[in-house]
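What follows is a short report on a single structure.
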Amino acid sequence: MEGKAKEAMLNFLKQNHWTDYVLYVESQKPISKELIIYWLDSVGIVISVMVDMSFNHSIYYDYTLTVNSFTYFSNETYKSRQEATEAAIKKAVEIYNEKYKES
């Protein structure tokens, strides 16, 4: 997480989840995906990870992002729900940073 998204996420944690904020600041460990998704929900970026089956019965995952009633669909598929979630978070942060980049 970087840029305006990181600043906003830390501010959100400070205001709403003081314990998680202190743990993050003291440990410098990555912020959990759960908290990032919770923050993204709070700023109107909703992540949906879906499971799909291909014609040969292989299971794969993809995601959609809904931002102010506009939906972005992933162009790729992923081997696990975790990979799809990480890719969705990365894209959501990119969208947030683009929306709020400094002029």
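All of the numbers you see were taken from the coordinates with simple rules; none came from a lab. Model, not experiment: these values are computed from the prediction. Please note: Cβ atoms are built from the backbone with ideal geometry, for glycine as well, and neighbour counts cover all protein chains shown.
Assessment of the range 15-28 against the conditions (under 16 Å from the mean Cα position of the chain (by Cα) and not basic (Lys, Arg)) yields no matching residue. Identify the residue in the range 42-71 that is among the aromatic types (Phe, Trp, Tyr) and over 13 Å from the mean Cα position of the chain (by Cα) and, among all such residues, is farthest from Ala8 (Cα to Cα). Checking each candidate, the answer is Phe55. Applying the set (1) surrounded by 16 or more Cβ atoms within 10 Å (Cβ to Cβ); (2) assigned to a helix (DSSP H, G or I) to Tyr60 leaves exactly one unmet item: (2).
Being loosely packed, with under 13 Cβ neighbours inside 10 Å and farther than 19 Å from Lys6 by Cα is a property that holds for Ser69. Could you list, in sequence order, the residues of the range 72-103 that are more than 15 Å from Ala5 (Cα to Cα) and basic (Lys, Arg)? Lys79, Arg81 - these are the residues of the range 72-103 that are more than 15 Å from Ala5 (Cα to Cα) and basic (Lys, Arg).
Does Ile59 meet the test of being free of Cβ contacts under 8 Å to residues at least 12 places away in the same chain and touching a strand residue (DSSP E or B) at 6+ places or on another chain (Cβ under 8 Å)?
Yes.
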